[in-house]
Amino acid sequence: MNDNKLIAEFMGMTYGDPNDNSVMTQGSEVIPIESMEYHKSWYWLMPVVDKIEREHKANFIIKCTWNEFANHSIHQVIVNIEQGEMSKDKSCIYDSKKIYDYIGDAVKDKREATYKAVVEFISNN
């Protein structure tokens, strides 16, 4: 639940009552923290990814590899931010410098890997 609170704060939610940390508000909407589903719903998680990509000019890359020994796919999310000059045709960045690069733990589920990457990114930025 602490990670969901962290994400909710990043998304602009605030605590409705300073004495009650069980609910947060967004505008006039009151949302109980225990009902937040960032950790299990793409519907909740993707707006966070969009905000990170938009505001921090980050790239989320989900890699999937087949683990022959475990007999299932393993997903890993890479989040990177590069700075540099854009080419005139805007096709590439040259003289780029990577300023953030997170490679998360490999897990079986894309959503879980993305959630972990989001939490890690918000915690470090």
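None of the figures in this text is laboratory data; all of them are computed from the coordinates on show. Nothing here was measured: the structure is a model prediction, and the numbers come from that model. A quick note on method: Cβ atoms are made from the backbone with ideal geometry, for glycine too, and the neighbour counts reach across all protein chains shown.
For this structure, a couple of remarks:
- In the stretch 38-78, the chymotrypsin sites (Phe, Trp or Tyr not before Pro) that fall in loop regions by DSSP, at most 11 other Cβ within 10 Å: PHE69
- Karplus 3J(HN,Hα) series, Hz, for the stretch 69-75 with 6.51 cos²θ - 1.76 cosθ + 1.60 (x for Gly, Pro): 6, 8, 6, 7, 7, 10, 10
- Taking 0.36 nm per residue of separation and subtracting the Cα-Cα distance, full extension of the segment from ASN124 to ASN71 would add 15.7 nm.
- Distance between the pseudo-spin-label points of GLU53 and ASN2 (7 Å out from Cα toward the beta carbon): 3.0 nm.
- Fewest-first sequence of HIS72, HIS56, HIS39 by Cβ atoms within 10 Å of each Cβ: HIS72, HIS56, HIS39
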